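Q: Next up is a structure, given as structure tokens.
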């Protein structure tokens, strides 16, 4: 097993999946000659024929709309939206067509496509290059929403997503691309979509988190462990379908839940998790369910102080853990 | 000389084929009349847009299509569905929202579809299906087939971003797609000329260097002949083609339209060009078909539609369970079931 970054994990998995099956094609802005703005598809154009590595105009609704048509007509397209913030022009296609084509046709057509988009902040991208968009799509039945946080999960989930019969929103936290490294098997492998992963065992409280926040939460959990606070961390890996059983199992054990995401709090994904646990795990709770999320402001600002204030940091998480542990 | 050649061409068309086109147009007309009746009687609900007046466009165009070709269309789709060969019983049942309908009642009027016929259906977000059709064509090009994708939309769609992004892509990738604009002069209740910078929609195709022509969409023979060149161009791998068919909807935008935006005189002028009357005159005149033959076809389609109405009326409602079916290829675990708390 080689140690890879999240970025290398995406690059290598997509590459091997394309070698294995010629129905897999990639399309997006600058994915070909340039190799992608983050270099995810560097070298693809040299390796694969041109009609499998499709450079598109700056036209998101067409990238996704065309991808849906290809997917429903026998292909396995992987469409890249350069930054998750740019996905909104394609929102109609994703919600009205990709998510609905199986339902409206009573299973006559499906839409086995992957929409990859780097999301999240911490890179001084400012108002239109830092957004988290997962909650918009998690709300829509018909879509699957996957957020891998480690190189190992990225490879296994991406390969599953490519061969999933339904449309998969695949959000990669761009700050983790080069920051997070880990061992990744050389061969293609699948991690089932819908299975959470316990990233840390603990007794005193449960943290539900994903993306960059997962790594901050692990660091914070290690700090408080020195003071005898034992934190369990559940990484959902996929928001839809959600592994509700693992979340409930953990809360049953720890009796406390802290939900962390960098997307803003109001109607964020954490609200759904809190509602589910309040409904199905109420009897086990020894404290109110707490959320630590981005603030309810329209976007992540550029200024470094403001950006840091927007993103929950290791210290913020540590403080939230201590407060909840003491409750 | 040109007129003579056109006449010679027309006369070389097989009579049986022409009678079939007549039958299809008559079927659509009778189907729509009965659908409107069922709507007024409260058996069809929601948003209901009939194709009456535009029959020649679908029939003359689809005559060129083969089983391997795809059709992706807009919400005024009953005529397209019937011209492609969808069983009128299943189409009518869908309008009634019945379990026997083409979408088992989930879709209704605007979403008739059949995978077996590569009829992708009516799409009710104006212009959104144009990019879908472009993707379908791209997949066919990738596999190296000579399948043609026909994408039909109205004049209203040509002002939308989907239209422009998709035409651009089809042009740069030389996709096997026919963009067919059914210009019936109104986008819902708004005259096309008030909201489009150009009245001649082919100019929009010219912006993307796509060969284009404007045709009379009220005469089925004319539509058939004009489409020949377009389809041949696409099927031979030369890339997309754009056709603007000038046509007219007799019955307003949808059910309940009081039609304050147009005059009775205008409607009357277009009715004089009625595609079924034109075809009837040609068949009984130049082709010497006895009136009785056409009356026989008319009686036949009326019987087919009466049977379709009866079938729709007698069909069962869909099971409530189907609400939760076909959301994903495999249902989610019970813990994520969308029926929680409701049974």
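The values are calculated or read from the model by the stated rules, or taken from the named source; none is laboratory data. Since this is a predicted model, take the numbers as computed values, not measurements. Glycine also receives a Cβ, built like all others from the backbone with ideal geometry; neighbour counts cover every protein chain displayed.
Q: Quick check, is residue A:275 modelled with pLDDT of 95 or more, under 19 Å from residue A:207 (Cα atoms) and within 22 Å of the chain's Cα centre (by Cα)? Reasoning before the result, please.
A: Numbers: modelled with pLDDT of 95 or more: yes; under 19 Å from residue A:207 (Cα atoms): yes; within 22 Å of the chain's Cα centre (by Cα): yes.
So residue A:275 passes the test.
Q: From the set of residues in the stretch A:197-245 that are touching a strand residue (DSSP E or B) at 6+ places or on another chain (Cβ under 6 Å) and within 14 Å of another protein chain (Cβ to nearest Cβ), which is surrounded by the most Cβ atoms within 10 Å (Cβ to Cβ)?
A: In this case the residue turns out to be A:238.
Q: Let me ask something else. Out of A:165, A:148, A:192, A:141, which single residue is closer than 20 Å to residue A:37 by Cα, assigned to a loop (DSSP other than H, G, I, E, B) and modelled with pLDDT of 95 or more? Show your work before the answer.
A: Working: A:165 fails: closer than 20 Å to residue A:37 by Cα; A:192 fails: closer than 20 Å to residue A:37 by Cα; A:141 fails: closer than 20 Å to residue A:37 by Cα.
Checking each option against the conditions leaves just A:148.
Q: Here's another thing I want to ask about it. Please give the number of the condition residue B:196 fails out of (1) buried (at least 22 other Cβ atoms within 10 Å of the Cβ); (2) modelled with pLDDT under 95.
A: Exception for residue B:196: condition (1).
Q: Can you pull out every residue in the stretch A:25-44 that is more than 18 Å from residue A:63 (Cα to Cα) and touching a strand residue (DSSP E or B) at 6+ places or on another chain (Cβ under 9 Å)? Working first, answer last.
A: Keep residues of the stretch A:25-44 that are more than 18 Å from residue A:63 (Cα to Cα), which gives A:38-39, A:42-44.
Listed by number, the residues that qualify are A:38, A:44.
Q: Among the residues in the stretch A:46-68, are any buried (at least 17 other Cβ atoms within 10 Å of the Cβ), in the same structural domain as residue A:99 (by TED's automatic domain parsing), within 22 Å of residue A:189 (Cβ to Cβ) and under 23 Å from the mean Cα position of the chain (by Cα)?
A: no
Q: Which of the residues spanning the stretch A:13-24 are assigned to a helix (DSSP H, G or I) and in contact with a strand residue (DSSP E or B) (Cβ under 7 Å, 6 or more places away or on another chain)? I'd like the intermediate steps shown before the answer.
A: Of all residues in the stretch A:13-24, those assigned to a helix (DSSP H, G or I) come to A:13-20.
A:14, A:17, A:18, listed by residue number.
Q: Right, another one. Residues to consider are B:82, B:167; find the one that is over 15 Å from residue A:68 (Cβ atoms), at the interface with chain A (Cβ under 10 Å from one of its Cβ atoms) and crowded, with 24+ Cβ neighbours inside 10 Å. Talk me through it step by step, then tell me what you get.
A: Working: B:82 fails: at the interface with chain A (Cβ under 10 Å from one of its Cβ atoms).
Every option except B:167 fails the conditions.
Q: For the stretch A:79-136, enumerate the residues that are within 12 Å of residue A:300 (Cα to Cα) and either within 14 Å of another protein chain (Cβ to nearest Cβ) or over 15 Å from the mean Cα position of the chain (by Cα) (or both).
A: Listed by number, the residues that qualify are A:122, A:123, A:124, A:125, A:126, A:127, A:128, A:129.
Q: So, one more: For the stretch A:215-246, enumerate the residues that are closer than 30 Å to residue A:165 by Cα and out of contact with any helix residue (DSSP H, G or I) (no Cβ under 9 Å at 6 or more places or on another chain).
A: Hit for the stretch A:215-246 is A:246, nothing else.
Q: Look at the stretch B:108-144 and say how many of its residues are modelled with pLDDT of 95 or more, assigned to a loop (DSSP other than H, G, I, E, B) and closer than 26 Å to residue B:306 by Cβ.
A: Residues in the stretch B:108-144 being modelled with pLDDT of 95 or more, assigned to a loop (DSSP other than H, G, I, E, B) and closer than 26 Å to residue B:306 by Cβ: 4 in total.
Q: Sticking with this one: Of everything in the stretch B:170-195 that's assigned to a helix (DSSP H, G or I) and farther than 25 Å from residue B:84 by Cβ, which residue is nearest to the other protein chains (Cβ to nearest Cβ)? Working first, answer last.
A: Pass one, the stretch B:170-195, residues assigned to a helix (DSSP H, G or I): B:170-172, B:192-195.
Remaining after also requiring farther than 25 Å from residue B:84 by Cβ: B:171-172, B:192-195.
Details: B:171: 11, B:172: 8, B:192: 23, B:193: 26, B:194: 25, B:195: 20 Å.
Per the criteria, the residue is B:172.
Q: Same structure, new question: Filter the stretch B:103-117 down to the residues that are free of Cβ contacts under 8 Å to residues at least 60 places away in the same chain and over 22 Å from residue B:324 (Cβ atoms), then identify the one that is surrounded by the fewest Cβ atoms within 10 Å (Cβ to Cβ). Steps first, please.
A: Step one: filter the stretch B:103-117 for residues free of Cβ contacts under 8 Å to residues at least 60 places away in the same chain, giving B:103, B:107, B:111-117.
Subsequent filtering for residues that are over 22 Å from residue B:324 (Cβ atoms) retains B:112, B:114, B:116-117.
Details: B:112: 26, B:114: 21, B:116: 9, B:117: 17.
Applying the filter and picking the extreme gives B:116.
Q: Same structure again: What tally of residues in the stretch B:118-141 results from selecting those that are at negative phi and free of Cβ contacts under 8 Å to residues at least 40 places away in the same chain? Spell out how you get there, then give the answer.
A: As a first pass, look at the stretch B:118-141 and keep what is at negative phi: B:119-120, B:122-126, B:128-141.
Within this subset, residues satisfying the condition of being free of Cβ contacts under 8 Å to residues at least 40 places away in the same chain are B:125, B:128, B:131, B:135, B:138-139, B:141.
Number satisfying all stated conditions: 7.
To keep it simple, each residue is scored yes or no on (1) away from chain B (no Cβ under 13 Å); (2) farther than 17 Å from residue A:89 by Cβ.
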position	(1), (2)
A:26	no, yes
A:29	no, no
A:41	yes, yes
A:57	no, no
A:62	no, no
A:65	no, no
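Q: Please state which one of A:33, A:42 is in the same structural domain as residue A:154 (by TED's automatic domain parsing), more than 13 Å from residue A:79 (Cα to Cα), in contact with a helix residue (DSSP H, G or I) (Cβ under 8 Å, 6 or more places away or on another chain) and modelled with pLDDT of 95 or more.
A: Working: A:33 fails: modelled with pLDDT of 95 or more.
Exactly one of A:33, A:42 is in the same structural domain as residue A:154 (by TED's automatic domain parsing), more than 13 Å from residue A:79 (Cα to Cα), in contact with a helix residue (DSSP H, G or I) (Cβ under 8 Å, 6 or more places away or on another chain) and modelled with pLDDT of 95 or more, namely A:42.
Q: Given the options A:135, A:108, A:72, A:99, name the one that is touching a strand residue (DSSP E or B) at 6+ places or on another chain (Cβ under 9 Å), modelled with pLDDT of 95 or more and surrounded by 20 or more Cβ atoms within 10 Å (Cβ to Cβ). So that I can check it myself, show each step before the final result.
A: Values: A:135 fails: surrounded by 20 or more Cβ atoms within 10 Å (Cβ to Cβ); A:108 fails: surrounded by 20 or more Cβ atoms within 10 Å (Cβ to Cβ); A:99 fails: touching a strand residue (DSSP E or B) at 6+ places or on another chain (Cβ under 9 Å).
Being touching a strand residue (DSSP E or B) at 6+ places or on another chain (Cβ under 9 Å), modelled with pLDDT of 95 or more and surrounded by 20 or more Cβ atoms within 10 Å (Cβ to Cβ) holds for just one of A:135, A:108, A:72, A:99, which is A:72.
Yes or no, residue by residue, for (1) within 12 Å of the chain's Cα centre (by Cα); (2) free of Cβ contacts under 8 Å to residues at least 40 places away in the same chain:
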| position | (1), (2) |
| --- | --- |
| A:156 | no, yes |
| A:164 | no, no |
| A:173 | yes, no |
| A:181 | no, no |
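Q: In the set B:283, B:221, B:185, B:246, which member is at pLDDT below 95 and more than 30 Å from residue B:142 (Cα to Cα)? Steps first, please.
A: Numbers: B:283 fails: at pLDDT below 95; B:221 fails: at pLDDT below 95; B:246 fails: at pLDDT below 95.
Answer to the check: B:185.
Q: So, one more: Restricting attention to the stretch B:135-157, which residues are within 18 Å of the chain's Cα centre (by Cα) and at the interface with chain A (Cβ under 7 Å from one of its Cβ atoms)?
A: B:136
Q: In the stretch A:292-308, what residues are surrounded by fewer than 19 Cβ atoms within 10 Å (Cβ to Cβ), within 22 Å of the chain's Cα centre (by Cα) and not in a loop (DSSP other than H, G, I, E, B)? Don't jump to the end; show me each part of the working.
A: In the first step, residues of the stretch A:292-308 are kept if they are surrounded by fewer than 19 Cβ atoms within 10 Å (Cβ to Cβ); the result is A:295-299, A:301-308.
Those left that are additionally within 22 Å of the chain's Cα centre (by Cα): A:295-299, A:301, A:307-308.
The answer is A:307, A:308.
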